[in-house]
1. Would you mention how many residues in segment B:218-268 are over 29 Å from B:Val200 (Cβ atoms), basic (Lys, Arg) and at pLDDT below 90?
2. What pairs come up if the first residue lies in segment A:259-277 and is away from every other protein chain (no Cβ under 14 Å), the second is assigned to a loop (DSSP other than H, G, I, E, B) and at pLDDT below 85, and their beta carbons are under 8 Å apart, counting only those six or more places apart or on different chains?
3. Please work out which residue is farthest from B:Gln167 (Cα to Cα), limiting yourself to segment B:113-126 and to residues that are more than 7 Å from chain A (Cβ to nearest Cβ) and touching an Asp or Glu at 6+ places or on another chain (Cβ under 9 Å).
4. For segment B:30-56, enumerate the residues that are within 14 Å of chain A (Cβ to nearest Cβ) and on the phi > 0 side of the Ramachandran plot.
5. Among the residues of segment A:455-486, which ones are buried (at least 18 other Cβ atoms within 10 Å of the Cβ) and assigned to a loop (DSSP other than H, G, I, E, B)?
6. I'd like to verify a number: residues in segment A:499-521 that are surrounded by fewer than 17 Cβ atoms within 10 Å (Cβ to Cβ) and modelled with pLDDT under 85, how many?
7. In this structure, does B:Val27 turn out to be more than 14 Å from chain A (Cβ to nearest Cβ), surrounded by 21 or more Cβ atoms within 10 Å (Cβ to Cβ) and not aromatic (Phe, Trp, Tyr)?
8. So for segment A:145-158 (the condition being over 20 Å from the mean Cα position of the chain (by Cα), outside any helix (DSSP H, G or I) and crowded, with 21+ Cβ neighbours inside 10 Å), does at least one residue qualify?
Amino acid sequence: MTLFRLALRSHRTGLLMTALVVSAGGLLNAVGFAQIAGDTPSARAVFAQQMELLARQLTYLLPAPAQLDTMAGYLTWRWFGSAVLIYAFWALLAGTGAGRGDEERGLIELWLSTGASRMRLLEVRAAGFAAIAAVSIAVMLAVTDVGAAIGQEPLPLGPLALEGLAMWVLTLFVFAFALLVAQLVTTRRGATGIAGIVVLALFMLNAAARSGVDVGAVRWLSPFYLFERSAPLLRGGSLEFPATAALAVGSVLLIAIAIAAFIRRDIGGPLLRGAPRSSRVAWRPSADPLLRTPVLAIVDQQRIWIVAWALGLAVLAAFLTSITKVMVDAFGNSDIPILRAYFERAGINAYADFVGVIWFSTLLLLISLFVVVQVNGWAADDAEGRLETILSAPVSRARVVVERVAAVVVACAVIVATSSLAVYLTATSTGISLPAGRFVFASAAVLPVAYAFSGIGHALVGWRPRVAVAILGALAIVGYFAQQFGPLFQWPDWVTNISLYALYGTPMSKDDWSGIATLIVIGIAGTAVALVVMRRRDVGR
Amino acid sequence: MTTAIQTKGLTKDYGAGHGIFDLDLTVNEGEVFGFLGPNGAGKTTTIKLLMGLIHATKGSATILGLDVDRDAVPLKHRIGYVPGELPQFGGWRGSEIVAYIAGLRGDMTDSAVEAVAKRLDLDLGRKYREYSHGNKQKLALLLAFAPMPALLILDEPTSGLDPLHQQEFYGLVRDARARGATIFISSHVLSEVEHVCDRVGIVREGHLATVGQLDQLAGMRAHRIEIVFAGPPPVERIRAIPGLEQVAVEDHRVSGMFRGEFEPLLAALANSRVTKFESRETSLEEIFLGFYK
């Protein structure tokens with residue numbers, strides 16, 4: 001098998017997942033537009049006006065709206081702006097996987113021993129990802145265009161291809177950046193964390209600029225800004241060559257620097273080494289008492305990771321809270337029915353409600369994704385022999401399950417407490433009065449959601465470790481979109497209620513103990529299934 | 001003599017002939033038992049069954065009177081284990097891994113850890129990913145030996161160790177045995193088994209081929225013989241000699257494996273002119289390989 005085929009093979013799961021998820025999203029949005037936007041020019045104009053008002057308030061997340069009365073304009077705003085985030089996330093994981101993941105699994109040594117040069121290895125990995133990303137984006141665009149055709153408004157192929165090109169170049173840029181970061185640290189996890197924080201910061205930079213914050217020319221540093229310079233599907237829009245070329249050249253440069261770093265560094269080591277460690281030899285176990293304490297030992301092992309999540313979410317929380325007044329004031333006295341329905345259903349009546357809805361819905365998704373990452377770690381514990389080592393000590397399988405789930409809840413509690421504190425302090429400093437009791441309750445109520453996801457996640461890991469992450473991730477993302485866009489597009493209640501997040505309710509506005517209780521029951525049921533499955537399964541297979 | 005390990009019809013069937021089948025095995029307390037077999041013979045599967053990490057398709061196993069599946073947790077207090085495939089602990093320091101496992105076990109003292117770490121010359125201050133394969137193996141040995149368990153189950157324990165530290169490992173085994181521990185070692189390194197084991201079981205394609213004392217196995221030893229005749233060898237007569245196997249004839253030279261008394265062989269050669277007669281004992285390795293031919 002050639003190196004290039006190996007490179008293609010290593011991205012096949014990513015290809016499958018992105019092609020499926022993003023294509024499905026494109027199809028749904030295109031068909032959805034045809035259903036809700038109306039058929040007459042006047043209906044379209046009303047729809048566009050309503051959407052534009054909403055879109056102006058979602059600029060922290062989605063691109064600036066334009067031509068929302070057309071399929072092309074709506075998809076450019078609503079879908080391609082979201083899809084590119086999914087591709088960026090995939091590119092991040094793929095870049096650190098190519099730069100460090102293969103090395104951690106000993107594959108780089110194996111390939112280098114066959115006579116392949118380091119330069120060729122990374123060149124081929126980058127080329128393989130570029131090819132796979134192109135296929136995924138092409139499939140997504142084709143499926144989206146099928147949806148647009150169903151809605152009697154097919155997208156023109158030329159501009160569609162240019163939109164794909166812009167997305168592809170951005171995806172490649174994030175991959176190249178992650179590949180470079182992977183040369184600087186020694187673990188894939190560390191590289192993913194650092195690259196993820198930087199990419200998120202660059203996204204937030206562009207989001208802040210979109211939301212009216214004056215960031216000046218620094219905005220040009222954000223690849224997301226460069227991507228949004230192009231809008232080939234819009235009337236009068238085009239692919240902006242300098243921005244796209246800058247991303248392309250940037251990608252090539254980053255890959256070249258990553259290759260140079262890879263050639264220079266030791267296999268298994270970082271590019272830059274710190275001062276040599278003191279030569280004093282340690283013969284005794286660590287004195288850290290947390291490592292010997294049930295549950296806290298697992299939390300302690302991940303302390304840096306948990307702190308990174310807590311700080312990242314705190315920054316995001318502060319940002320979202322800081323723009324609350326601007327957004328709610330902009331809505332003001334909106335009497336547009338669809339928006340009113342959305343706000344009523346979401347329970348948004350005041351600044352505090354807005355914080356409740358926007359912040360906690362975001363927090364629920366991110367905490368769920370944190371749990372998904374933990375579930376991935378549980379699957380890795382089994383595959384990499386750590387579970388075997390733990391079970392060779394006098395530890396029951398039940399204890400392993402219970403400790404893991406408890407550790408996730410404790411870690412989530414730390415993250416939620418930190419980010420909620422950031423929300424509270426920012427709200428206070430911007431003159432928003434949050435009802436302290438409700439706010440604490442709403443924050444605490446996130447933990448049953450984390451518990452429910454953990455229980456389901458552990459049941460899935462015991463059943464099929466390799467697909468557990470994909471299923472749980474899909475559950476989180478589909479649930480989030482169902483919750484966020486169900487009210488907007490007036491989807492039936494059962495669609496929005498299918499989401500686990502529906503059980504969280506709107507605790508900033510009203511108590512919903514039955515939902516919280518149901519989440520806890522789901523968590524208990526998932527844990528019980530996990531206990532049974534764990535008891536019966538063979539370790540390491 | 002009391003029993004440390006006992007299996008009855010223990011079977012783990014992975015299909016297509018893979019696994020271990022109908023294993024009836026007894027290991028006595030205080031002995032060092034070698035479990036020999038080539039890769040894929042079923043050694044690791046047997047060990048994982050004994051450790052309760054995988055479940056038997058049928059049959060049962062007890063260790064120190066406790067069921068390996070039902071009583072897995074209390075049993076582990078009495079077992080030290082070295083896995084065949086080393087786990088990955090990434091960026092943890094050796095000292096953190098030991099502290100974590102010590103916390104789970106509750107019976108591993110810092111002084112015992114220090115003593116074993118010094119014997120194996122293992123720096124616990126380094127990160128696991130910086131350890132060589134040999135150092136990772138030493139850490140696995142440390143985690144098994146430091147609690148001073150009643151039973152040690154060791155899957156390929158010297159993999160990656162240099163000769164100096166292999167000797168140290170033999171020392172650890174001797175010391176454990178001296179304090180009354182039972183040791184079950186899976187290996188395909190025959191010299192290692194000859195070094196430390198009292199009894200040996202040989203497993204082949206998922207089935208136990210034989211079990212015996214090392215000296216009994218030595219009794220099974222054949223002689224590799226080589227005879228050079230002055231003229232054409234009496235092939236028919238030679239092939240008829242009872243106990244002579246794997247006969248190969250090349251010009252005037254005849255070689256083969258001979259078991260049993262030498263009289264019939266010498267009688268068959270009485271009327272021939274022999275210019276060279278060589279006989280040497282087979283090694284344990286040749287006995288081992290004999291089971292796979």
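The values are calculated or read from the model by the stated rules, or taken from the named source; none is laboratory data. Being a predicted model, the structure only gives us computed values, none of them experimental. Reconstructed Cβ throughout: ideal geometry from the backbone, glycine too, with neighbour counts over all protein chains shown.
1. So the first thing to find is which residues in segment B:218-268 are over 29 Å from B:Val200 (Cβ atoms), and the list is B:227-241, B:249-254, B:263-264, B:266-268.
Now narrow it down to the ones that are basic (Lys, Arg): B:237, B:239, B:253.
Pick out the ones that are also at pLDDT below 90 and you get B:237, B:239.
The number of residues fulfilling the criteria is 2.
2. A:Ala261/A:Leu271; A:Arg264/A:Leu271; A:Arg265/A:Leu271
3. To start, the set of residues in segment B:113-126 that are more than 7 Å from chain A (Cβ to nearest Cβ) comprises B:115-116, B:119-122, B:126.
Restricting the remaining residues to those that are touching an Asp or Glu at 6+ places or on another chain (Cβ under 9 Å) gives B:119-121.
Working: B:Arg119: 11, B:Leu120: 10, B:Asp121: 13 Å.
Per the stated criteria, the residue is B:Asp121.
4. Here is the first cut: in segment B:30-56, the ones within 14 Å of chain A (Cβ to nearest Cβ) are B:44-56.
Listed by number, the list holds a single entry, B:Gly52.
5. Within segment A:455-486, A:Gly486 is the sole residue that qualifies.
6. Here the count works out to 3.
7. Working: more than 14 Å from chain A (Cβ to nearest Cβ): yes; surrounded by 21 or more Cβ atoms within 10 Å (Cβ to Cβ): yes; not aromatic (Phe, Trp, Tyr): yes.
So B:Val27 fits the description; yes.
8. Yes: one or more hits.
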